[in-house]
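Here the structure comes first, spelled out in structure tokens, and everything after it is commentary.
The values are calculated or read from the model by the stated rules, or taken from the named source; none is laboratory data. Bear in mind the structure is a predicted one, so any value in this text is a computation, not a measurement. Ideal geometry is used to build each Cβ from the backbone, glycine not excepted, and the neighbour counts take in all protein chains shown. To get the accessible areas, we keep the full protein, side chains included, count just its heavy atoms, and leave off ligands, DNA and RNA. Shrake-Rupley method; radii C 1.70, N 1.55, O 1.52, S 1.80 Å.
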2 protein chains.
Amino acid sequence: MSFSQDALLAFVAAVDNGSISAAARQLGKRQSTLSESIANLEIDLALTLFERGSRQLSLTAAGQRLLPLARQALAAHDSLQLQAAALASGVEARLTLVLSDTFHTGSVEPALKAFASLYPYTELECLVGEQDDLLALVRSGRAQLGLMSGDVQGGSEFAVRELPQQARTSLYVAPDHPLAQQRPAGAWALPAHRQLRLQTFTNTLPPDGHTGSCWYAPSYLLLLEMTQLGFGWAELPDWLVARYAPELVPLALPGWPQQRSLHAVWQRAQPLRPAAAWMLQQFLQPAALDPTPG
Amino acid sequence: MSFSQDALLAFVAAVDNGSISAAARQLGKRQSTLSESIANLEIDLALTLFERGSRQLSLTAAGQRLLPLARQALAAHDSLQLQAAALASGVEARLTLVLSDTFHTGSVEPALKAFASLYPYTELECLVGEQDDLLALVRSGRAQLGLMSGDVQGGSEFAVRELPQQARTSLYVAPDHPLAQQRPAGAWALPAHRQLRLQTFTNTLPPDGHTGSCWYAPSYLLLLEMTQLGFGWAELPDWLVARYAPELVPLALPGWPQQRSLHAVWQRAQPLRPAAAWMLQQFLQPAALDPTPG
DNA sequence: TATTAACCATCGGAGAAACCGATATGTCGT
DNA sequence: ACGACATATCGGTTTCTCCGATGGTTAATA
């Protein structure tokens with residue numbers, strides 16, 4: 001016959017409180033109950049855990065040795081209990097986000113930090129995608145919540161909320177690019193040079209007015225690298241350039257830099273569950289978030 | 001009301017065996033018992049753990065999520081149980097050895113390895129000391145078992161067993177020492193040079209016949225270093241020199257190298273407890289040990 | 001010294017839980 | 001249709017837990 005979890009609890013409570021009576025008060029049980037529990041535990045283990053000194057009890061060598069293991073067993077028990085409570089309360093076991101690279105890392109970080117402590121039993125997965133790629137991930141259920149820039153094309157399929165933050169983007173070229181030399185550069189000069197454009201995997205983006213030659217990449221980070229290598233000009237998020245390629249030169253054209261609105265999207269047919277809803281709220285209330293520097 | 005450990009056991013057994021009935025057979029209980037246990041566990045956790053397919057049951061997402069935690073809780077429980085059993089069976093919680101540096105490390109290592117797996121819940125402490133220092137550690141109870149070279153002076157206070165192994169020692173000097181140059185050196189040449197001698201902290205070693213000047217150190221490792229620095233000649237264990245100072249030169253004198261007997265000592269008044277007794281046996285049966293090379 | 005206040009151990013009884021045996025039900029393969 | 005195998009459910013017994021009361025011991029106090 002093995003010992004019970006309650007006996008272990010009585011054991012560590014008695015140690016922590018210095019007496020069985022105090023432990024009983026803390027646990028809301030009778031002294032006789034805990035006395036019996038500990039006595040039975042000692043019988044089950046075939047060991048003496050406490051040295052019953054007249055007025056205070058002290059741990060035996062064996063007791064000192066077993067105490068940390070007892071704590072560990074209780075902690076494992078509690079951990080299971082907490083995880084189960086989280087699952088039972090409807091909190092999802094895993095939350096998958098898709099973020100656009102237009103989101104400044106520093107603005108996401110505090111939300112994730114708070115999430116980690118508030119939902120310790122929920123796994124978090126962060127994907128990165130743009131435009132149609134992002135919407136496809138949300139549509140397929142691969143991700144529950146998407147944070148994207150620009151307008152949402154999906155129509156009534158998605159629930160959309162506009163975020164109070166905005167993303168500033170500019171047109172950049174490498175320092176040795178011809179466009180970086182001419183000052184001031186006019187918008188007429190752009191079509192003469194290669195544009196580096198975002199092209200999603202799913203490839204349903206409408207063409208914009210640009211008529212010149214283009215190279216394409218599915219992520220802003222890749223566009224950034226291609227810009228660094230001097231392959232052409234590109235529209236890039238300002239924070240991304242400031243952080244990873246500060247040497248790039250912004251083109252001072254009329255109408256630039258632009259402020260692009262940011263949106264949170266999810267499946268309208270599938271309401272957000274607690275963790276996802278909380279995460280959305282974090283982005284809707286920028287008070288709790290650090291302002292994007294720059 | 002919280003779940004019991006038995007319920008967790010039923011849970012993982014059902015998962016491992018693929019069915020509740022099989023789990024019941026494995027655990028030696030009735031199927032109805034385990035069925036109720038798991039049902040109660042699901043009630044306590046407010047979760048559905050199993051998808052009761054007609055003929056086979058499969059884990060819910062929540063069940064998959066909780067399974068590793070349940071295993072961990074059971075493992076912690078078992079660990080406590082095993083440690084308690086070890087303590088209750090009289091195995092000491094900590095075993096402290098004192099080894100002489102004359103013991104070849106390679107001859108001790110297999111014993112320690114086997115010890116680690118045989119007594120996983122016993123802490124092991126290895127001290128190093130020579131002669132009187134070693135005996136003092138055993139006498140005070142600081143160590144339970146000592147493995148030393150040479151004869152035991154303590155009289156009836158100690159229990160002594162001679163070990164089948166022996167330690168070979170030689171007289172060494174540094175390569176640039178005068179004694180290393182003369183060939184052949186006679187014993188008469190020794191007193192003219194400084195001797196590096198073992199002197200224990202407790203300092204009750206009798207003087208031997210040497211009449212020349214001496215420097216002293218309490219450990220062979222220190223003597224070794226002093227010999228390397230050319231301070232004099234010293235008697236050192238061969239294996240120690242071969243391993244840490246192969247450049248030292250042995251003096252080819254009549255009667256050298258010597259074979260020194262090795263002894264295990266412990267307090268006669270305090271019989272060896274299981275782990276210590278096992279350890280002693282390992283050294284008494286050199287069959288299980290690697291032979292000392294060289 | 002007698003008293004009070006803590007503390008711990010023990011005992012008997014009430015309630016709860018575990019366990020068993022039997023039974024009903026459902027599914028798969030023959 | 002039937003046997004083999006699975007799970008769920010239902011009484012009944014045993015076991016465990018918890019409580020309340022009691023007694024013994026020690027330390028501080030009047």
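Note on chain A: GNM, Cα springs under 10 Å; of A:GLN259, A:GLN56, A:GLN282, the largest mean-square fluctuation is that of A:GLN56. Kirkwood's formula applied to the C-alpha pairs of region B:126-191 gives a hydrodynamic radius of 15.1 angstrom. Short-range pairs are left out: with C-alpha atoms under 8 Å and at least six residues apart, the relative contact order of chain A is 21 percent.
Is there a simple number for the mean count of other chain Cβ atoms within 10 Å of the Cβ of residues in B:214-220, and what is it?
On the way: counts 0, 0, 0, 0, 0, 0, 0.
Across B:214-220, the average partner-chain Cβ count within 10 Å equals 0.
Projecting the Cα atoms of B:LEU57, B:GLN195, B:ALA70 onto the charge dipole of chain B, computed from C-beta unit charges around the Cα centre, puts B:LEU57 farthest toward the positive end.
Chains A and B together bury roughly 2300 Å² of accessible area, counting both sides, with a 1.4 Å probe on protein heavy atoms only.
What fraction of the DSSP beta bridges in the protein assembly as shown is antiparallel, stated in percent and rounded to the nearest 5? If you can, show how the numbers build up before the last one.
Numbers: 44 of 74 bridges.
Rounded to the nearest five, the antiparallel share is 60 percent.
Farthest toward the positive end of the dipole of region B:95-145, out of B:TYR121, B:VAL98, B:LEU145, is the Cα of B:TYR121, where the dipole comes from beta carbon charges about the Cα centre.
Charges only on Cβ, +1 for Lys and Arg, -1 for Asp and Glu: so what's the dipole of chain B about the Cα centre, in debye to the nearest 20? Here chain B has a charge dipole of around 580 debye. Reported value for chain B: 196 Å³ per residue, from the convex hull of its C-alpha atoms.
For B:LYS29, the aspartates and glutamates whose Cα falls under 13 Å of its own Cα, not counting residues fewer than eight places away in the same chain, are B:ASP6.
For region A:5-88, evaluate the Debye formula with one uniform point scatterer on each Cα (no solvent term) and list log10 I(q)/I(0) at q = 0.24, 0.25 Å⁻¹, rounded to two decimals. At q = 0.24, 0.25 Å⁻¹ the computed log10 ratios are -1.18, -1.25. Averaging the sequence gap over all C-alpha pairs within less than 8 Å and six or more residues apart, then dividing by the number of residues, gives region B:5-88 a relative contact order of 25 percent.
Comparing B:TRP266, B:TRP215, B:TRP233 in a Gaussian network model of chain B, where Cα atoms under 10 Å apart are tied by springs, the biggest mean-square fluctuation is seen for B:TRP215.
Only four residue types carry charge here, +1 at the Cβ of Lys and Arg and -1 at the Cβ of Asp and Glu. Report the dipole size of the protein assembly as shown about the Cα centre in Debye, rounded to the nearest 20. It would help to have the intermediate numbers written out before the result.
Values: 40 positive and 50 negative charges, 174 e Å.
Roughly 840 debye for the protein assembly as shown.
Taking only the C-alpha atoms of region B:83-165, the Rg (one decimal) and the largest Cα-Cα distance, Dmax (whole number), read 13.8, 39 Å.
Distances between every pair of Cα atoms in the protein assembly as shown, grouped in 10 Å steps from 0 to the bin holding the largest one, split as 3, 12, 13, 12, 11, 12, 14, 13, 7, 2, 0 percent. Under a cut-off of 18 Å between alpha-carbon atoms, report the aspartates and glutamates in cross-link reach of A:LYS113, not counting same-chain residues fewer than 8 places apart. Candidates past the 8-residue exclusion: A:GLU92, A:GLU123, A:GLU125, A:ASP290.
In loop segments of region A:118-163 as defined by DSSP, the trypsin sites (Lys or Arg not before Pro) with at most 14 further C-beta atoms inside 10 Å of their C-beta are A:ARG142.
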